[in-house]
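Note sheet for the following structure.
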Amino acid sequence: MTGIWVAVLVTAVGCYALKLTGLTVPRSVLNNPRVRRFAELVPVALLAALVAVQTFGAGQSLAVDPARLAGLGAAVVALLLRAPFLVVIVVAAGAAAALRALGVA
Amino acid sequence: MTRNTSGPAARSSRPGEPAASRAAARPVRDGVALGLAVGTSGLAFGAAAVGSGLSIAQACVLSLLAFTGASQFALAGSVAAGGSLIGGVAGAILLGSRNALYGLRMTGLLEPRGPRKLLTAQGVIDETTAVSLAQPGAASARLAFRATFATLYVTWNLSTLLGAYGAGRLGSPQSLGIDVVGPAAFLALIWPQLRAGRTERAVGLLGAAIALTATPFLPPGVPVILAALAALAGALATPAPEPPAPEAGPVPAEPA
């Protein structure tokens, strides 16, 4: 529990420091087109990686959890139907929960 | 969830423009609407955090102090994975690095000085940047920033508390599908980017592939950081077409 508190506080300080850095660093840093493009693409790469790891990861191994996979599939359908963020979340969790409750997955 | 196509607000950063007071209603309305809509997703974070093994207090402190959704979800995910917290923290902070880039853009508009800069910094995230840069002038951009920041901060923190508290009282996270909340939220957050272009899709797929490949060999959290290599590859393959004019140009807006 103490470890988690340290992680929470270090994350908070780090995230805040980055925000403050942005308001302080000279803008010329962004004049390099590759730096700028990298900055644009970083969230896509990292968040896609998180989606994959949280869907297929089980600690340090990979596993397929059918209910979780179905939940993510439901999220994709909701996104294709242009559902709002919160609806996407509820649909995904609901699909996984329903499959588990029915004992299907 | 919002995509702004241009940043007319960035054209002028001179304070005290006469047009600003006439246009005061819209920036506030825009900011409050987005703040309320996006802020409620704190419910999802609170539930996911507690389902991942954080306490209610830890979930709330994270929302109060870190106040950047993707990083918060990332840390909760790494706690759930049960591996190295150092990797989880590093991943969460790396995810927060885009706020630094927003700050580069916002500093000319907001012109924060002295102690006020310390408060302004906490509000520089996806949503406040998007709403501010969609405004027609620097003064209305500042108003929009404050309205979005205030509304989103209050809503995000209250809904984190509610979500965390609700998750604690509602039984097993697995049976509620809370383990799917994290990945579904991330997917929703990058969805507009994935739709935006071929490079974004390629970078997303490559990032996911890198992380999955590395998962059996590295402590949890680290594979996600490695996925930044996909962004590097994407940037080397397709650099931004031109350096940003300091006072104008589109800003990518993806929700936090």
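The values are calculated or read from the model by the stated rules, or taken from the named source; none is laboratory data. Given the structure is predicted, the values throughout are model-derived calculations rather than measurements. Counting neighbours? That spans all protein chains shown, and the Cβs are built from the backbone with ideal geometry, glycine included.
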The helices (runs of 4 or more DSSP H) lying entirely within region B:24-67 that contain at least 2 residues which are at pLDDT 90 or above are B:42-52, B:56-65
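Would you call A:Arg100 closer than 18 Å to B:Glu200 by Cβ and of a type outside the set (A, V, I, L, M, F, W, C)?
Values: closer than 18 Å to B:Glu200 by Cβ: no; of a type outside the set (A, V, I, L, M, F, W, C): yes.
Criteria not met by A:Arg100.
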Residue hits (region A:47-85; assigned to a helix (DSSP H, G or I), surrounded by fewer than 18 Cβ atoms within 10 Å (Cβ to Cβ) and without any contact (Cβ under 8 Å) to a residue 12 or more places away in the chain) are A:Val76, A:Leu80
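In the list A:Phe56, A:Phe38, which residue meets the criterion of being modelled with pLDDT under 85, at negative phi and within 7 Å of chain B (Cβ to nearest Cβ)?
Working: A:Phe56 fails: modelled with pLDDT under 85.
Sole residue among the options that is modelled with pLDDT under 85, at negative phi and within 7 Å of chain B (Cβ to nearest Cβ): A:Phe38.
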Considering region B:44-102 alone, what residues qualify as being within 19 Å of the chain's Cα centre (by Cα) and among the hydroxyl-bearing types (Ser, Thr, Tyr)? B:Ser63, B:Thr68, B:Ser71, B:Ser78, B:Ser97, B:Tyr102
With the first residue restricted to region B:97-122 and required to be more than 8 Å from chain A (Cβ to nearest Cβ) and under 15 Å from B:Ala141 (Cα atoms), and the second required to be in a helix (DSSP H, G or I) and modelled with pLDDT under 80, Cβ contacts under 7 Å at 6 or more apart or on different chains are B:Leu109/B:Ala9; B:Leu109/B:Ala10
Of the criteria (1) of a type in the set (D, E, K, R); (2) more than 7 Å from chain B (Cβ to nearest Cβ); (3) closer than 26 Å to B:Leu236 by Cα, which one A:Arg82 fails: (3)
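Kindly evaluate A:Arg34 against the criterion of being surrounded by fewer than 24 Cβ atoms within 10 Å (Cβ to Cβ), not aliphatic (A, V, I, L, M) and not in a helix (DSSP H, G or I). Reasoning before the result, please.
Details: surrounded by fewer than 24 Cβ atoms within 10 Å (Cβ to Cβ): yes; not aliphatic (A, V, I, L, M): yes; not in a helix (DSSP H, G or I): no.
Answer is no for this residue.
Quick check, is B:Arg142 more than 15 Å from B:Phe45 (Cα to Cα), surrounded by fewer than 24 Cβ atoms within 10 Å (Cβ to Cβ), modelled with pLDDT of 90 or more and of a type in the set (Lys, Arg)? Can you show your working first?
Numbers: more than 15 Å from B:Phe45 (Cα to Cα): yes; surrounded by fewer than 24 Cβ atoms within 10 Å (Cβ to Cβ): yes; modelled with pLDDT of 90 or more: yes; of a type in the set (Lys, Arg): yes.
Yes; evaluated as a whole, the condition is true for this residue.
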Selection from region A:71-88 of residues that are touching a Leu at 6+ places or on another chain (Cβ under 8 Å), under 19 Å from B:Ala37 (Cβ atoms) and β-branched (Val, Ile, Thr): A:Val88
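For the condition part of a helix (DSSP H, G or I), at pLDDT below 90 and over 20 Å from the mean Cα position of the chain (by Cα), what is the one hit in B:Pro239, B:Pro223? Before the answer, list the steps.
Values: B:Pro239 fails: part of a helix (DSSP H, G or I).
Just one listed residue meets the conditions, B:Pro223.
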Test A:Ala98 against the criterion of being more than 7 Å from chain B (Cβ to nearest Cβ), assigned to a helix (DSSP H, G or I) and surrounded by 15 or more Cβ atoms within 10 Å (Cβ to Cβ), and give yes or no. yes
Do you know which residues across region B:119-139 are under 13 Å from A:Leu23 (Cβ atoms), in contact with a helix residue (DSSP H, G or I) (Cβ under 7 Å, 6 or more places away or on another chain), at pLDDT 90 or above and not in a loop (DSSP other than H, G, I, E, B)? B:Thr120, B:Ala121, B:Gln122
Residue count for region A:1-58, restricted to those that are within 19 Å of B:Leu119 (Cβ to Cβ) and of a type in the set (S, T, N, Q): 2
